[in-house]
Amino acid sequence: MRITGAVAWGAALAVLMLGVAIMGRAVYAEDLPDTCPGLSASECSALKDQYEELQKEIAGLNKQIAETQAKKGTLQGDVSALNAQIAQAQAQIKAKNIEIKKIGGQIETKTAAINQLSAKIDRGHESLAAFLRQQDQVDDLSLVEIALAADNAFSLFNDVDNIVTVQAGLNTEFAKVRDARSQEEAARKALAAQQAAASDAKFVVQTKEAEINQNKQEKTQLLAITANQESQYKQVLAQRQAEAAQIRARLFPLRDTGTIAFGDAVRYAQAAGSKTGVRPALILAILSQESDLGANVGNCLITDLTTGDGKGKNTGTPFSGVMKAPRDTVPFKTITEALGKDWSTTPVSCPQPGGYGGAMGPTQFIPSTWMLFDARIKAALGVPATNPWNAEHAIMATALYMEDVGAAGGGYSAERDAACRYYSGQPCSVAGATYGNSVIAKATNFQNDIDFLKDN
């Protein structure tokens, strides 16, 4: 029997990797303690009391806004509604600023804890290195060689005990490092959640500030109208209704499909949102983003289902690997034939550097991905067959996908990350936030339009 450093290292590494694997599967509870780091107990208590009072105020204003909705369409009713909305937004900003202040202290505390754990891990690595150096001093000798070199039986057993002691120490140090890594990972997850919460709160503040400015401008316009100028108020209402009609009729572009009326797009997105919990404005923003990309990327046609090769739709330039065969060419043929389409004249996306193309329609799903959602789309819409180039089907597919990547009921951070995952399969921290930021900006504009249509 030979005791080697390689064996000892391999066993220890296996133990460490097992710990990492277990750690990767673990679900850590969101660590948001009910404390106010950096504040005294009295200051923290006062902050919490203020927050609770603001929540009560917001609840009361919600009720008031609901009541004023019935009075909209009258000059006084509109002014009252705007006053309530402004007050509500101001209260929400104050509440979010309290959250930001509290979360900021927690982030500082968590960051300090992570730094301490990182230092502990570094010290553990140093200890491991020392034990491994000791291991190297004994692992080149077999037990037979140790026995031959020993002066007596006592010396022999003493040497064996030393080897066992070194290996036991090695295992202990690995356990310490593994535990510290686990703690650090949990702390980093909690920190990421707190940072996302802070970003969400800041986004709400920015959105509410813009909302207040818009409502104040509208209020000023209405207050300029006196009771003797009812005809002027009717003109304002007529302008609103005309603008709403223009928004509904505005064309909403869909990649590889053409355009539909924005009002229809909103209706489809709202139906999809009710099924998935994904915000309709976000669904439309994804599709709009894909349509914009389509203008720059262009389209290809498949020329060979066996290889997946194709050509540029407009240029005729040959491309290899437009679609991965048979993974996507087989379902692509199935999808197009079921719809009565000619696969050779149906446009798909061109290959990009380092990857295939072959994405279809407004969603830009590759055929194999579309088939993964086929049954769910059928169930959600109650249709016997799905069509990637159908606007209603594409909007539902986008909503289902966004639900799967974490956009349902999410705030700013969750929605932006979901957008990045939709595009690249990776969160914004890995893939870059360009796509996600653009989607959020579009969603904000669409939300303004949807809110305007709701009010008019």
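The values are calculated or read from the model by the stated rules, or taken from the named source; none is laboratory data. Keep in mind the model is a prediction, meaning the values are calculated, not measured. All Cβ positions, glycine included, derive from the backbone under ideal geometry; neighbour counts span all protein chains shown.
When Q232 is evaluated against the numbered criteria (1) farther than 24 Å from N437 by Cα; (2) in the same structural domain as T74 (by TED's automatic domain parsing), which criterion, by number, is the only one it fails? Exception for Q232: condition (2).
A quick yes/no check of all residues on (1) farther than 25 Å from T259 by Cβ; (2) in the same structural domain as N390 (by TED's automatic domain parsing); (3) polar (S, T, N, Q):
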residue: C300; (1), (2), (3): no, yes, no
residue: T306; (1), (2), (3): yes, yes, yes
residue: G316; (1), (2), (3): yes, yes, no
residue: P326; (1), (2), (3): yes, yes, no
residue: I335; (1), (2), (3): no, yes, no
residue: L339; (1), (2), (3): no, yes, no
residue: P347; (1), (2), (3): no, yes, no
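Checked against (1) among the hydrophobic types (A, V, I, L, M, F, W, C); (2) surrounded by fewer than 16 Cβ atoms within 10 Å (Cβ to Cβ); (3) at pLDDT below 60, A129 passes all but condition (3). For beta carbons closer than 7 Å, sequence separation of 6+ or different chains, a first residue in region 267-296 that is in the same structural domain as A397 (by TED's automatic domain parsing) and a second that is basic (K, R), the qualifying pairs are G273/R279; A285/K442; S288/K442; Q289/K442; E290/R255; S291/R255; G294/R255. Among residues belonging to region 61-120 that are under 21 Å from D455 (Cβ atoms) and among the charged types (D, E, K, R), point out the one that is nearest to the chain's Cα centre (by Cα). Selected residue: K63.
Of all residues being outside any helix (DSSP H, G or I) and in contact (Cβ under 8 Å) with a residue 24 or more places away in the chain in region 391-409, which is nearest to P362 (Cα to Cα)? Just the residue, please. Let's see the steps before the verdict.
Quick first cut of region 391-409, residues outside any helix (DSSP H, G or I) only: 405-409.
Of the ones still in play, those that are also in contact (Cβ under 8 Å) with a residue 24 or more places away in the chain are 407-409.
Numbers: A407: 19, A408: 20, G409: 23 Å.
That would be A407.
Would a scan of region 350-368 turn up a residue that is crowded, with 18+ Cβ neighbours inside 10 Å, assigned to a helix (DSSP H, G or I), out of contact with any Lys or Arg (no Cβ under 6 Å at 6 or more places or on another chain) and assigned by TED's automatic domain parsing to the domain that holds G277? Among the residues of region 350-368, at least one is crowded, with 18+ Cβ neighbours inside 10 Å, assigned to a helix (DSSP H, G or I), out of contact with any Lys or Arg (no Cβ under 6 Å at 6 or more places or on another chain) and assigned by TED's automatic domain parsing to the domain that holds G277, which makes the answer yes.
Results for (1) assigned to a helix (DSSP H, G or I); (2) within 30 Å of F446 (Cα to Cα), shown as yes or no for each residue.
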{"site": "A272", "(1), (2)": "yes, yes"}
{"site": "K275", "(1), (2)": "yes, yes"}
{"site": "V278", "(1), (2)": "no, yes"}
{"site": "L282", "(1), (2)": "yes, yes"}
{"site": "K311", "(1), (2)": "no, no"}
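Scanning region 238-270 for residues that are among the hydroxyl-bearing types (S, T, Y) and not in a helix (DSSP H, G or I) yields T257, T259.
Right, D309: buried (at least 20 other Cβ atoms within 10 Å of the Cβ), under 34 Å from the mean Cα position of the chain (by Cα) and either modelled with pLDDT of 95 or more or aromatic (F, W, Y) (or both) or not? In short, no.
Candidates are the residues of region 297-315 that are free of Cβ contacts under 8 Å to residues at least 24 places away in the same chain and out of contact with any Gly (no Cβ under 9 Å at 6 or more places or on another chain); the one that is nearest to D328 (Cα to Cα) is T306.
Being in the same structural domain as P253 (by TED's automatic domain parsing), surrounded by fewer than 16 Cβ atoms within 10 Å (Cβ to Cβ) and not β-branched (V, I, T) narrows it down to one of S429, S413, so name that one.
Criteria check complete, one pass: S429.
Please state which one of N390, N445 is surrounded by fewer than 16 Cβ atoms within 10 Å (Cβ to Cβ) and within 21 Å of Q270 (Cα to Cα). It would help to see each step written out before you state the result.
On the way: N390 fails: surrounded by fewer than 16 Cβ atoms within 10 Å (Cβ to Cβ).
Sole residue among the options that is surrounded by fewer than 16 Cβ atoms within 10 Å (Cβ to Cβ) and within 21 Å of Q270 (Cα to Cα): N445.
Please work out if T398 is hydroxyl-bearing (S, T, Y), under 15 Å from L282 (Cα atoms) and buried (at least 22 other Cβ atoms within 10 Å of the Cβ). So T398 passes the test.
All of E209, E184 fail the test of being acidic (D, E) and either within 30 Å of K120 (Cα to Cα) or outside the structural domain of A95 (by TED's automatic domain parsing) (or both), apart from E184.
Which of the residues that make up region 313-348 are in a helix (DSSP H, G or I) and either more than 18 Å from S368 (Cα to Cα) or aliphatic (A, V, I, L, M) (or both)?
The first filter runs over region 313-348 and keeps only residues in a helix (DSSP H, G or I), leaving 329-338, 343-345.
Selection gives V330, I335, A338, T345.
For Q426, the criteria (1) without any contact (Cβ under 8 Å) to a residue 40 or more places away in the chain; (2) assigned to a helix (DSSP H, G or I) hold in every case but one, which is (2).
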